[in-house]
Amino acid sequence: MFAKRVGYTIGFLTITVLFAADSHKKADLGVNASLNGLALMPQESPWRRDVTKDGVDPDSRKYLARIGLDKPLRPDFGTVWKGVPMGIPYVVVGKDQPRVEVTFQYADESDKVPYPIPPDPPIEGGPDSKGDRHILMLDRDNWMLYELFDAHPPKQAGKPWTAGSGAIFNLNKWKDRPDGWTSADAAGLPILPGLVRYDEVVEQKSLDHAIRFTLQKTRNKYVAPASHYASRLPDADLLPMGARFRLRADFDEKPFPPAAQAILRGLKKHGMILADNGSDMFISGSPHEKWDDEVLATLRRVKAKDFEVLRLGELRPVR
């Protein structure tokens with residue numbers, strides 16, 4: 001096997017992409033397409049790190065009590081809800097997908113490059129959504145991830161797309177965003193690597209990464225791997241962005257259906273990372289017409305008290 005290494009710079013990122021000359025394993029093209037077992041992040045990334053031996057934060061119980069010990073885990077993804085695919089969709093594109101210009105509300109913290117937006121991209125909540133309107137684009141040939149928040153198509157031909165913020169990630173090598181920067185997510189993290197996807201849970205029967213989740217109230221701080229917060233609340237019993245939960249090792253997942261078991265095993269090994277403000281204990285995933293919503297609903301038997309908050313580390317910004 002031989003490979004070609006290509007380096008280039010986009011904004012603050014210096015990107016080195018390794019192209020395997022004889023590798024034929026690729027993600028499928030299209031909306032919510034299968035990645036065919038490919039991992040979205042390298043093993044050393046925070047998303048794929050094994051946290052089974054990480055220490056528990058001394059204030060774990062206090063943090064969980066603030067959320068509500070009996071608050072259920074809720075899958076915020078599935079088939080269809082009120083006529084719209086339920087979850088955060090993504091689209092896999094090729095290297096030849098034309099790039100389009102995007103203007104940003106938070107331009108100082110966005111990666112201002114053309115984005116590979118297809119003519120009819122999947123928008124979170126549908127084209128008429130008044131929610132977060134994320135668009136996630138995975139370039140399967142260069143293994144690059146492009147993500148937009150509050151994305152809107154141009155109202156006139158020839159005009160650029162608009163978005164609240166945008167970020168790109170080199171999936172070959174983990175790199176933190178600059179301190180204090182957001183991304184397409186409040187915590188400054190990538191979204192797609194933290195989504196529960198049908199192809200991994202049902203087709204591959206495993207979940208080899210942490211899961212993105214939300215809480216209604218968060219602290220005006222962040223911890224690694226996050227780089228940004230989105231709250232004015234200083235309460236010491238609120239969690240900062242980037243906090244990681246781990247499902248307790250003694251939690252019995254065997255009574256759950258196989259797909260739910262795969263998710264629960266992932267929560268024991270990799271945990272879930274607080275990435276945005278939203279409903280309490282909602283875990284994020286991508287929609288798929290083949291999800292079994294009744295199976296996913298069994299996850300509601302899991303409560304906040306079944307988790308541990310892992311040691312937080314340094315709270316930032318330091319004041």
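The values are calculated or read from the model by the stated rules, or taken from the named source; none is laboratory data. This one's a predicted model, so the numbers in the text were calculated from it and none came from an experiment. FYI the Cβ positions are ideal-geometry reconstructions off the backbone, even for glycines, and counts take in every protein chain you see. Heads up: the accessible areas ignore ligands, DNA and RNA and are worked out on the full protein's heavy atoms, side chains in. Shrake-Rupley method; radii C 1.70, N 1.55, O 1.52, S 1.80 Å.
For (1) open to solvent by less than 10 Å² (accessible area, probe 1.4 Å); (2) without any contact (Cβ under 8 Å) to a residue 60 or more places away in the chain; (3) more than 24 Å from Arg197 (Cα to Cα), each residue gets a yes or a no:
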{"residue": "Gly131", "(1), (2), (3)": "no, yes, no"}
{"residue": "Lys159", "(1), (2), (3)": "no, yes, yes"}
{"residue": "Gly166", "(1), (2), (3)": "yes, no, no"}
{"residue": "Lys173", "(1), (2), (3)": "no, no, no"}
Seminar exercise, completed: All conditions in (1) assigned to a loop (DSSP other than H, G, I, E, B); (2) touching a residue at least 60 places away in the same chain (Cβ under 8 Å); (3) open to solvent by less than 30 Å² (accessible area, probe 1.4 Å); (4) hydrophobic (A, V, I, L, M, F, W, C) are true of Trp181 except (3)
For this session: Considering only residues that are free of Cβ contacts under 8 Å to residues at least 40 places away in the same chain and either out of contact with any Pro (no Cβ under 7 Å at 6 or more places or on another chain) or loosely packed, with under 15 Cβ neighbours inside 10 Å (or both), look in the range 137-157 and name the one that is nearest to Gly37 (Cα to Cα).
Result: Phe149
Seminar exercise, completed: Of those in the range 86-129 that are free of Cβ contacts under 8 Å to residues at least 24 places away in the same chain and not in a loop (DSSP other than H, G, I, E, B), the residue surrounded by the fewest Cβ atoms within 10 Å (Cβ to Cβ) is Asp108
Seminar exercise, completed: Note on Gly83: of the conditions (1) under 28 Å from Lys26 (Cα atoms); (2) surrounded by fewer than 22 Cβ atoms within 10 Å (Cβ to Cβ), unmet is (1)
For this session: Might you let me know whether the range 201-208 holds any residue that is in a loop (DSSP other than H, G, I, E, B) and either under 15 Å from the mean Cα position of the chain (by Cα) or crowded, with 24+ Cβ neighbours inside 10 Å (or both)?
Result: yes
Problem set entry | Residue satisfying condition, being farther than 25 Å from Ala39 by Cβ, at pLDDT 95 or above and small (Gly, Ala, Ser), within set Ser183, Ser165 | Ser165
Exercise. Is it true that Thr14 is surrounded by fewer than 13 Cβ atoms within 10 Å (Cβ to Cβ) and modelled with pLDDT under 95?
Worked result: yes
Exercise. Taking the range 22-74 as the search range and keeping residues that are more than 21 Å from the chain's Cα centre (by Cα), open to solvent by 70 Å² or more (accessible area, probe 1.4 Å) and modelled with pLDDT under 95, which one is farthest from Pro287 (Cα to Cα)?
Worked result: Asp22
Problem set entry | Gly188 more than 13 Å from the chain's Cα centre (by Cα) and farther than 13 Å from Phe104 by Cβ | no
For this session: Could you please let me know if Pro193 is open to solvent by less than 40 Å² (accessible area, probe 1.4 Å) and part of a helix (DSSP H, G or I)?
Result: yes
For this session: Among the candidates Arg300, Arg246, single out the residue that is over 25 Å from Pro122 (Cβ atoms), in contact (Cβ under 8 Å) with a residue 60 or more places away in the chain and assigned to a strand (DSSP E or B).
Result: Arg246
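Per-residue answers, yes or no, for (1) aromatic (Phe, Trp, Tyr); (2) over 20 Å from Asp199 (Cα atoms); (3) surrounded by fewer than 21 Cβ atoms within 10 Å (Cβ to Cβ):
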| residue | (1), (2), (3) |
| --- | --- |
| Glu253 | no, yes, yes |
| Pro257 | no, no, yes |
| Leu296 | no, no, no |
| Arg301 | no, yes, yes |
| Leu310 | no, yes, yes |
